[in-house]
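For reference, the structure discussed in these notes is given below.
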Amino acid sequence: MMKNFNIRDGRCFAVALLGVFIASTAVAMPQNGMKKKFIGLCFDTLFNTPSNILDHAEELNKVPWLDGLAIGLKGVEVSTVEGKAVTSDTYRVVQQGHRWTRQSVAPQLKFCRELVKYPALKESFLLVWNTPVSLRDRLFWNDDKGWRLFAENLSTLAWFAKESGFKGLMIDSEEYANTRQFFYIRGDAASYEECAALARRRGQEVFSAVFKEYPDITLFFLWLFEDMVRHNSFLGELEPRQVAEDMGQLRHHFLNGMLDVMPPKVKIVDGAEHYLFSARRHEWWKGSVSQFIGATTFVDPKNLAKFRSQLSMSHGHYLDMYSIHSKPGGYYHWPVNGSRLEHLRINLVESLEAVDEYLWIYAEKGRLIDWKGGPSRHQSKKNDLWETQIPGMTKTLLYPNVPIKTKKKGE
């Protein structure tokens with residue numbers, strides 16, 4: 001039904017829908033005592049080992065707003081297809097020739113199983129990339145062996161996430177190495193149409209393997225469909241899908257392959273990674289409308305009901321934008337009523353209203369806690385604690401998410 005949804009023609013509809021969204025949740029969130037969950041994608045924990053995170057779990061458990069972390073596996077001994085032992089990280093899971101097995105990741109289970117026993121870490125996810133780290137590792141869409149290996153690797157990590165007690169996988173699709181993995185290029189297939197069919201098949205193959213290991217997994221995508229709407233809406237006369245396909249984009253075909261095989265208990269989260277949103281422009285609400293409505297232009301109508309019923313809308317905040325060290329001209333949120341902390345507060349309030357369950361906090365040049373040792377440069381004391389960089393941050397993060405207590409009759 002929404003296949004031909006046009007952004008320009010649908011603006012009035014989107015504005016009307018935004019009003020419905022806001023009116024339907026006009027009371028302060030969270031509603032009915034439900035607490036939204038904060039997931040930390042923080043460099044001082046991401047570039048760390050599960051064992052060292054566990055060593056500091058007591059301190060992390062004292063971070064009052066934290067419900068879970070994005071955790072990676074670092075320095076895991078895996079093998080090449082030729083049988084040679086190499087070390088690898090979860091962001092290299094697409095690495096050509098690296099084979100991840102249960103045996104290679106099993107030693108990390110004992111640490112992760114203990115981590116999730118702490119309330120502040122209970123909602124943790126295993127963070128993985130699904131784009132290659134270098135051009136030589138790009139998977140051609142017609143490479144059966146390469147995609148089979150990627151499916152095996154990702155299914156191993158899904159198994160690990162389930163066995164650890166993690167909620168699932170957090171998937172980053174950003175093209176850090178500019179490999180154009182999710183674009184059509186010559187050599188993939190004879191035409192874009194043939195490659196689109198291949199991409200959809202690869203999505204089916206990869207995620208069938210994932211769902212076999214973890215049938216009720218939560219897949220937390222930092223980018224799902226919403227960013228495709230936003231990034232392909234710059235030509236007002238054309239709908240985003242037409243713009244995307246004219247440019248050779250294939251990610252929506254790959255994701256429709258995932259939707260084709262997705263079991264009913266799977267949850268997909270759209271993290272909508274956009275840090276410049278401001279509540280002054282009601283952009284958190286607009287982003288959720290885009291996730292739920294605008295994104296359907298990229299969803300096969302056969303998958304629309306499944307997409308709508310299993311989608312969880314989310315948003316992210318970039319703490320560095322509020323730091324005392326950030327300056328105008330870069331990633332920076334300006335003062336509201338003379339206070340940048342107030343801008344953080346109103347952004348949190350609106351974004352918490354606009355999400356279903358998860359809000360994620362992205363943080364680079366700072367520390368959650370005082371780390372004792374550890375290999376990561378991101379734990380260095382050169383990076384101040386976040387509360388030092390954003391005085392009042394902890395209280396501000398807690399304030400909008402305090403559960404509402406329903407008054408008893410007679411009170």
Alpha-carbon Rg with Dmax, taken over region 219-266, Å: 12.4, 38
Where does region 42-135 land on Rg(C-alpha)/(2.2 N^0.38 Å)? 1.16
For region 233-314, state which GluC sites (Glu not before Pro) are in a DSSP loop and have at most 12 other beta carbons lying within 10 Å of their beta carbon. Glu237
From phi via Karplus (6.51, -1.76, 1.60), per-residue ³J(HN,Hα) for region 320-331 in Hz, x at Gly/Pro: 4, 6, 10, 5, 5, 8, 7, 10, x, x, x, 6
Charge sum, other residues only, whose C-beta stays under 11 Å from Ile293's C-beta, Lys/Arg counted +1 and Asp/Glu -1: +1
Once you have the alpha carbon radius of gyration of region 163-270, what is it after dividing by 2.2 N^0.38 Å, with N set to its residue count? 1.14
When the convex hull of the Cα atoms of the chain is projected onto a plane and the area is averaged over all directions, what value comes out in nm²? 21.9
Please give the FRET efficiency for Asn178 paired with Asn337, using the beta carbon to beta carbon distance and R0 = 41 Å, rounded to the nearest 0.05. 0.50
Using helices alone, what [θ] at 222 nm do you get for the chain, with -39,500 (n - 2.57) per DSSP H run of 4 or more residues, divided over all residues and rounded to the nearest 500? -10500 deg cm²/dmol
Assigning unit charges at the beta carbon (Lys, Arg +1; Asp, Glu -1) and nothing else, what dipole magnitude in debye, to the nearest 20, does region 204-361 show about its Cα centre? 280
The local net charge around Glu350, scoring Lys/Arg +1 and Asp/Glu -1 for residues other than Glu350 whose Cβ lies under 14 Å from its Cβ, equals +2
Nearest-0.05 FRET efficiency for Leu135 and Thr80 at R0 = 25 Å, using Cβ-Cβ distance, is 0.85
Quantify how much of the Cα-Cα distance distribution of region 215-327 extends past 22 Å, in percent. 37
As a test, work out the antiparallel percent of DSSP beta bridges whose residues both lie in the chain, rounded to the nearest 5. 20
How far is it, in nm, from the label point at Glu59 to the one at Arg280 when both lie 7 Å from their Cα along the line to the Cβ? 3.6
Cα centroids of region 321-371 and region 102-161: how far apart, whole angstrom? 29
Point-charge dipole on Cβ atoms (K/R +1, D/E -1) for region 251-318, about Cα centre, debye to 20: 160
Taking Lys and Arg as +1 and Asp and Glu as -1, residues besides Trp159 with C-beta under 13 Å from its C-beta add up to 0
Can you give the translational diffusion coefficient of region 69-221 in µm²/s, computed by Stokes-Einstein from the Kirkwood radius over Cα pairs at 4 °C and 1.567 mPa s? 81
Taking region 268-367 and dividing mean pair separation by its residue count, relative contact order in percent (alpha carbons under 8 Å, at least six apart): 37
Phi-derived 3J(HN,Hα) across region 266-277 with the Karplus relation (6.51, -1.76, 1.60, θ = phi - 60°), rounded Hz, x for Gly and Pro, is 6, 10, 10, 10, 9, x, 6, 6, 9, 8, 8, 4
Looking at region 273-376, which trypsin sites (Lys or Arg not before Pro) are DSSP coil and have at most 10 other C-beta atoms within 10 Å of their C-beta? Lys372
Along the charge dipole of the chain, which of Gly203, Phe225, Phe277 sits closest to the positive end, that is, farthest toward it, with unit charges on the beta carbon of Lys, Arg, Asp and Glu (+1, +1, -1, -1)? Phe277
Which value does Rg/Rh take for region 132-217 over its C-alpha atoms, Rh per Kirkwood? 1.01
Could you state the per residue volume, in Å³, of the convex hull enclosing the Cα atoms of region 121-171? 70
Quick one: if you stick a label point 7 Å off each Cα along the C-beta vector at His325 and Lys212, how many nm between them? 4.6
First measure r as the distance between the Cβ atoms of Lys395 and Ser191, then evaluate 1/(1 + (r/R0)^6) with R0 = 51 Å and state the FRET efficiency to the nearest 0.05. 0.35
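Values in this text are rule-based calculations from the coordinates and carry no lab data. All of these numbers come straight from a predicted model, not from anything done at the bench. No Cβ is skipped: glycine too gets one built from the backbone with ideal geometry, and neighbour counts run over all protein chains shown.
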